[in-house]
Amino acid sequence: MNASSLANRSLKCAGSVRMILPRNFRSHLPGTAQLSKLTSVSRIREMSSSSATYSAPKPLDASNVIFKKADQLKPVPDWNTLKFGKEFTDHMMIMKWNKQTGWGTPEIVPMQNLSFHPATTVFHYGFECFEGLKAYKDEKGVPRLFRPNKNAERMLSTGTRISLPDFDPKEWSEAIRKFVATESRWVPDKRGFSLYLRPTFIGTDAALGVHHCENAMIYVIASPVGPYYSSGFKAIRLCCSEGAVRAWPGGTGQYKLGGNYAPSVLPAAEAAEKGFAQILWLYGEEDYVTEVGTMNCFTVWINKNGEKEIITAPLDGMILPGVTRDSILDIARERLVPQGWKVTEGKYSMKEVAEASKEGRLLEVFGAGTAALVSPVKAINYKGAEINVPLPEGQEAGPITSQISNWILDIQYGKDPNHPWSVPVTN
């Protein structure tokens, strides 16, 4: 086809654009090869123009937070009457994400109900994870967060596992800090009490079918709390799991998914009816110790080599990587190893604990977690037999449990104001 025949008909140029070439352009019309070249250039320009107007999804940015103050603020309750998770502050934080636009501006709004379509993915397919962290008030009345970066990193890891969008942990932590600054009057000024923060990450697509979420939300609520257990800081009794398992190799036991907690409620209720505070979850024919319902588990003993040892289950995908657990390991290595203690992350079985008890080598057992802090254990029921954990006469915790508990509490409540784990919250 030559240039003359092209002059009297329409041409497709640059993809879908149609142009009519007038007859008087016949003498100036390029040949076929030149037309092909011009079409390519036109297409490149079209693509360049398109990319110039394209806006990449926005990352999470906590530098600008929208604050919508509640019309009326509630009076703070008597701290001594608090029950865990029953009282909530005046506001909540909401951070929304969309696949095309990215993260919206974080908002602090009056505490309110959330409304979602009945088909929303969080209701059907388990697109949900959460975190738990606390704000404490120091002697000068300054609220402090304890290692919020660790919670941010864990939420990012869990969210990624269930196909929720990523975010910068530093921005997440800064958003939490600003939220706590807003609700600072709700942080109790009493040791043992704190403001519990519950960030929750959910998929919000209004569509059935298992798929990657195109819409998501992080919301944060806060509740002032006292001691997690109604008995206060007293040694508790545990019951080893029988039949049921909490996690398995290759599963999702290391992630803070809501779906990991609901199945534990019935066994825990059955244990409570028998007088036990929590279940100690075991795994495998060897009855390996994994974790307690709301805590990681630590055992203090004289091991078979005659060494003083603090041991806890390893991060092998079977247990939650607790922030308190990590903190205890770090502080024990810093302060107890120089005193002759061995600190171990490794597999050990309930059979070994029972054997150590019989041989007089079992010294202490305690649980650790954000909600419960550090909880001493006085007895463990294993295969129908009660294993008694030694306690000093008239006391509710052994010396290692008490020392570690005080070290962690001192950092949380700002006794060491310059400790890197303690993050002050200022306006």
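Filter the range 126-147 down to the residues that are more than 19 Å from the chain's Cα centre (by Cα) and either of a type in the set (D, E) or under 21 Å from L257 (Cα atoms) (or both) and list them by number.
D138, E139
Inside the range 290-308, can you point out the residues that are more than 27 Å from A272 (Cβ to Cβ) and either open to solvent by 20 Å² or more (accessible area, probe 1.4 Å) or part of a loop (DSSP other than H, G, I, E, B) (or both)?
Within the range 290-308, I302, N303, K304, N305, G306, E307, K308 qualify.
When you go through (1) touching a Lys or Arg at 6+ places or on another chain (Cβ under 9 Å); (2) under 23 Å from P376 (Cα atoms); (3) not aromatic (F, W, Y) one by one for L257, which number turns out not to apply?
The number of the failed condition is (2).
Given the structure, is D205 touching a residue at least 60 places away in the same chain (Cβ under 8 Å), closer than 24 Å to K383 by Cα and in contact with a helix residue (DSSP H, G or I) (Cβ under 7 Å, 6 or more places away or on another chain)?
So D205 does not fit the description; no.
Being surrounded by fewer than 19 Cβ atoms within 10 Å (Cβ to Cβ) and in contact (Cβ under 8 Å) with a residue 60 or more places away in the chain is the filter; apply it to the range 382-402 and report the residue that is farthest from F179 (Cα to Cα).
The qualifying residue farthest from F179 (Cα to Cα) is K383.
Name the residue that is nearest to the chain's Cα centre (by Cα), counting only residues in the range 148-163 that are open to solvent by less than 10 Å² (accessible area, probe 1.4 Å) and of a type in the set (G, A, S).
If we take residues in the range 148-163 being open to solvent by less than 10 Å² (accessible area, probe 1.4 Å) and of a type in the set (G, A, S), then A152 is nearest to the chain's Cα centre (by Cα).
Tell me which residues, restricted to the range 403-427, are open to solvent by less than 40 Å² (accessible area, probe 1.4 Å) and without any contact (Cβ under 8 Å) to a residue 12 or more places away in the chain.
Hit for the range 403-427 is H419, nothing else.
For residues in the range 110-122 being in contact (Cβ under 8 Å) with a residue 24 or more places away in the chain and over 20 Å from T89 (Cα atoms), which is most open to solvent (accessible area, probe 1.4 Å)?
Ranking the qualifying residues of the range 110-122, first place goes to H117.
Look at the range 204-222 and say how many of its residues are assigned to a strand (DSSP E or B) and under 21 Å from the mean Cα position of the chain (by Cα).
So the count comes out to 8.
Report, by residue number, each residue of the range 309-339 that is under 30 Å from L266 (Cα atoms) and in a strand (DSSP E or B).
Across the range 309-339, the qualifying residues are I311, T312.
Out of (1) out of contact with any strand residue (DSSP E or B) (no Cβ under 7 Å at 6 or more places or on another chain); (2) open to solvent by less than 20 Å² (accessible area, probe 1.4 Å); (3) over 30 Å from N80 (Cβ atoms), what's the single condition that is false for V210?
Of (1) out of contact with any strand residue (DSSP E or B) (no Cβ under 7 Å at 6 or more places or on another chain); (2) open to solvent by less than 20 Å² (accessible area, probe 1.4 Å); (3) over 30 Å from N80 (Cβ atoms), only one is false for V210: (2).
Please verify whether the range 252-259 includes one or more residues that are without any contact (Cβ under 8 Å) to a residue 40 or more places away in the chain and either farther than 22 Å from P321 by Cα or not charged (D, E, K, R) (or both).
No - not one qualifying residue is present in the range 252-259.
Are any of the residues in the range 180-196 in contact with a strand residue (DSSP E or B) (Cβ under 8 Å, 6 or more places away or on another chain), hydroxyl-bearing (S, T, Y), assigned to a helix (DSSP H, G or I) and surrounded by fewer than 19 Cβ atoms within 10 Å (Cβ to Cβ)?
Scanning the range 180-196 turns up at least one residue that is in contact with a strand residue (DSSP E or B) (Cβ under 8 Å, 6 or more places away or on another chain), hydroxyl-bearing (S, T, Y), assigned to a helix (DSSP H, G or I) and surrounded by fewer than 19 Cβ atoms within 10 Å (Cβ to Cβ).
For the range 123-144, check the following and say yes or no: at least one residue is out of contact with any helix residue (DSSP H, G or I) (no Cβ under 8 Å at 6 or more places or on another chain), under 17 Å from Y219 (Cβ atoms) and either open to solvent by 20 Å² or more (accessible area, probe 1.4 Å) or not aliphatic (A, V, I, L, M) (or both).
Yes: the range 123-144 contains one or more residues that are out of contact with any helix residue (DSSP H, G or I) (no Cβ under 8 Å at 6 or more places or on another chain), under 17 Å from Y219 (Cβ atoms) and either open to solvent by 20 Å² or more (accessible area, probe 1.4 Å) or not aliphatic (A, V, I, L, M) (or both).
What do you reckon, is L282 open to solvent by less than 60 Å² (accessible area, probe 1.4 Å) and touching a Leu at 6+ places or on another chain (Cβ under 6 Å)?
no
Could you pull out the residue among P338, P321 that is touching a helix residue (DSSP H, G or I) at 6+ places or on another chain (Cβ under 7 Å) and surrounded by fewer than 20 Cβ atoms within 10 Å (Cβ to Cβ)?
Testing whether each residue is touching a helix residue (DSSP H, G or I) at 6+ places or on another chain (Cβ under 7 Å) and surrounded by fewer than 20 Cβ atoms within 10 Å (Cβ to Cβ) leaves just P321.
Among the residues of the range 353-374, are any open to solvent by 50 Å² or more (accessible area, probe 1.4 Å) and either in a helix (DSSP H, G or I) or of a type in the set (V, I, T) (or both)? First the steps, then the outcome.
Step one: list which residues in the range 353-374 are open to solvent by 50 Å² or more (accessible area, probe 1.4 Å), which gives 355, 358-360, 363.
Keeping just the survivors that are either in a helix (DSSP H, G or I) or of a type in the set (V, I, T) (or both) gives 355, 358.
Yes, because at least one residue in the range 353-374 is open to solvent by 50 Å² or more (accessible area, probe 1.4 Å) and either in a helix (DSSP H, G or I) or of a type in the set (V, I, T) (or both).
For the structure I just gave you, tell me whether A244 is aliphatic (A, V, I, L, M) and either surrounded by fewer than 14 Cβ atoms within 10 Å (Cβ to Cβ) or part of a loop (DSSP other than H, G, I, E, B) (or both).
Answer is yes for this residue.
Of the residues R237, R177, which single one is assigned to a strand (DSSP E or B), open to solvent by 40 Å² or more (accessible area, probe 1.4 Å) and of a type in the set (K, R)?
R237
The values are calculated or read from the model by the stated rules, or taken from the named source; none is laboratory data. Since the structure is predicted, the reported quantities are computational estimates derived from the model, not experimental observations. Cβ coordinates were reconstructed from backbone atoms using ideal geometry, including for glycine residues, and neighbour counts include every protein chain displayed. In case anyone asks, the SASA skips ligands and DNA or RNA and just uses the protein heavy atoms, side chains included. Shrake-Rupley method; radii C 1.70, N 1.55, O 1.52, S 1.80 Å.
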